[in-house]
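Asker: This is the structure, below, for whatever I ask next.
Readers should treat all values here as calculations from the given coordinates under stated rules, not as data from a laboratory. Note that the coordinates shown come from a computational prediction; the quantities given were computed from them, not determined experimentally. Virtual Cβ from ideal backbone geometry, glycine too; neighbours counted across all protein chains shown.
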Amino acid sequence: MTTVSDKNRVLIFDTTLRDGEQSPGATMSHTEKLEIASLLDEMGVDIIEAGFPIASQGDFEAVSEIAKNSKNSVICGLARASFNDIDRCMEAVKHAAQPRIHTFIGTSPLHRDITALSMDAMADKIHDTVTHARNLCDNVQWSPMDAIRTEHDYLCRVVEIAIKAGATTINIPDTVGYTIPRESSDIIKMLLERVPGADEIVFATHCHNDLGMATANSLAAVEAGARQIECTINGLGERAGNTALEEVVMALKVRNDIMPYATKIDTTKIMNISRRVSQVSGFVVQPNKAIVGKNAFAHESGIHQDGMLKNAETFEIMRPADVGLSGTSLPLGKHSGRAALRAKLEELGFELGDNQLKDVFVRFKELADRKKEVMDDDVIALMQDAGSES
Ligand code: KIV
Ligand code: ZN
């Protein structure tokens, strides 16, 4: 069972292979799933949600195989609130050194309507299914789906039932990405204050990004006492996606001064896994995506490039090497200044005096006005033209 020895240690629960794969069009092959799971394991992810075993034979096999191969991570499978689902899930995760069953049911009024269960009937079902899961496995996570839109009194009641039935982690999903940081924090605080036994288990936060606040909401939950963040690589996931692993992990690292919480993620492995997930899912990472976008460590404007050449801290709050990149990039474009052009020329082996640089800079600006980005070959061509004219 996962225990938090240090009260400020935050567990990272990656669900790229389950919630991430639920993105329309993001299906991964069996081999690709095994590869991603092994990269997650190597980078220090505490819990890997490997799939939804009852969903298909393929999912069952992927979860079983990942469970067999896992080295350090807890391997978790998802199951609805049904004995069949839970049994199938256990069948798949049982091969892991550290298996976990994650069972859930929608508890908000909308979901109770759909399942046609009264509050009492649902409470009984939660008791029975969590008890069943706990009889099979020591490590049980329970989620009240759509927790954020569930009445607070009912949420407290069902969380207490799940804890008494043996859940070791209680996940509070913002299933539809509806919450804001203050509310995300208040709900965790409320549960910790009101639910008997709440201090004996781990609270998790599971946010979706429909309003672009998944990272902020996850961090707010941690500040209120949650100690597990559920997330995916590149923020892959249903609709606008889930909380991005790279964002919460780097935020906790970079702002450790005011958020003194630690994960055990080796952040230098972030870029590699981000690229692999993008390749296998077919989901291209937007250039301005925080942490892993192509432009996350690129500076084009003259003032920024000049500052970066003098002291990288002027315009970078983390080092590219922290996420596994070899360096900052200073792409040349129409906003670039003389300092960046000189640095590029030197990198390409051209040593120019001030007057020569002035000439080349004029030509460079003319070219940059026509081209979005001036590449190394363009700079070399500029130098060749300058040589043939002199
Ligand atoms: O978003 C959600 O509510 C989920 C649950 C299955 C935990 O993914
Ligand atoms: Zn989800």
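Asker: Above 18 angstrom, tally the Cα pairs of region 162-232 and express them as a % of all pairs, no decimals.
Answerer: Cα-Cα pairs in region 162-232 separated by more than 18 Å: 31 percent.
Asker: I would also like to ask the following. Post the alpha-carbon centroid distance, region 332-359 to region 185-231, in whole angstrom.
Answerer: Comparing the Cα centres of region 332-359 and region 185-231, I get a distance of 50 Å.
Asker: Below 16 Å, Cα to Cα, which lysines can residue 125 reach? Residues fewer than 8 away in the same chain don't count.
Answerer: Filter leaves 164.
Asker: Continuing with this model, one more query. Within the P(r) computed for region 1-130, what percentage of the Cα pairs occupies the region above 27 Å?
Answerer: Tail of the P(r) past 27 Å holds 25 percent of the pairs.
Asker: Whose amide H sits under 5 Å from the amide H of residue 292, counting only residues 5 or more places off or on another chain, with H placed in the peptide plane?
Answerer: Here nothing satisfies the definition.
Asker: Based on Cα positions only, what radius of gyration and what Dmax would you give for region 55-199, in angstroms?
Answerer: That works out to 15.4, 43 Å for Rg and Dmax.
Asker: Also, I was wondering about something else. For a Förster distance of 56 Å, can you work out the FRET efficiency between the beta-carbons of residue 313 and residue 82, rounded to the nearest 0.05?
Answerer: Given R0 = 56 Å and the Cβ-Cβ separation, E is 0.55.
Asker: On to the next question. Run the dipole for region 3-156 about the Cα centre, Lys and Arg Cβ at +1, Asp and Glu Cβ at -1, nothing else charged, and hand back the magnitude in debye, nearest 20.
Answerer: 220 debye
Asker: Ok, one more. Express in nm, to one decimal, how much length is gained between residue 138 and residue 284 on full extension, taking 0.36 nm for each residue of separation and deducting their alpha carbon distance.
Answerer: Result: 48.7 nm gained on full extension.
Asker: Which lysines have a Cα less than 29 Å from the Cα of residue 269, not counting those fewer than 8 places away in the same chain?
Answerer: The reachable lysines, counting only those whose Cα sits under 29 Å from residue 269, are 7, 33, 68, 71, 94, 253, 289, 294, 310, 344.
Asker: Go ahead and run the numbers for FRET between residue 118 and residue 329, Cβ-Cβ distance against an R0 of 56 Å, rounding to 0.05.
Answerer: Computed FRET efficiency for residue 118 and residue 329 comes out at 0.45.
Asker: For a Förster distance of 35 Å, can you work out the FRET efficiency between the beta-carbons of residue 373 and residue 72, rounded to the nearest 0.05?
Answerer: Approximately 0.25, to the nearest 0.05.
Asker: What are the residues whose amide H is under 5 Å from the amide H of residue 333, where those residues sit 5 or more places off or on another chain and H is modelled from the backbone?
Answerer: 374
Asker: Here is a follow-up. Magnitude of the Cβ-charge dipole of region 247-313, K/R +1 and D/E -1, about the Cα centre, nearest 20 debye?
Answerer: For region 247-313, the charge dipole is close to 320 debye.
Asker: If you plug each phi of region 25-36 into the Karplus form 6.51 cos²θ - 1.76 cosθ + 1.60 with θ = phi - 60°, what whole-Hz ³J(HN,Hα) values come out, in order, with x for Gly and Pro?
Answerer: With the stated coefficients, region 25-36 comes to x, 9, 4, 10, 6, 4, 5, 5, 5, 5, 5, 5 Hz.
Asker: Tell me, what is the percent relative contact order of the chain, built from C-alpha pairs under 8 Å that lie six or more residues apart?
Answerer: Relative contact order comes out at 14 percent.
Asker: Out of 40, 56, 22, whose Cα points farthest toward the positive end of the dipole of region 14-59 (charges: +1 Lys, Arg; -1 Asp, Glu; placed on Cβ)?
Answerer: 56
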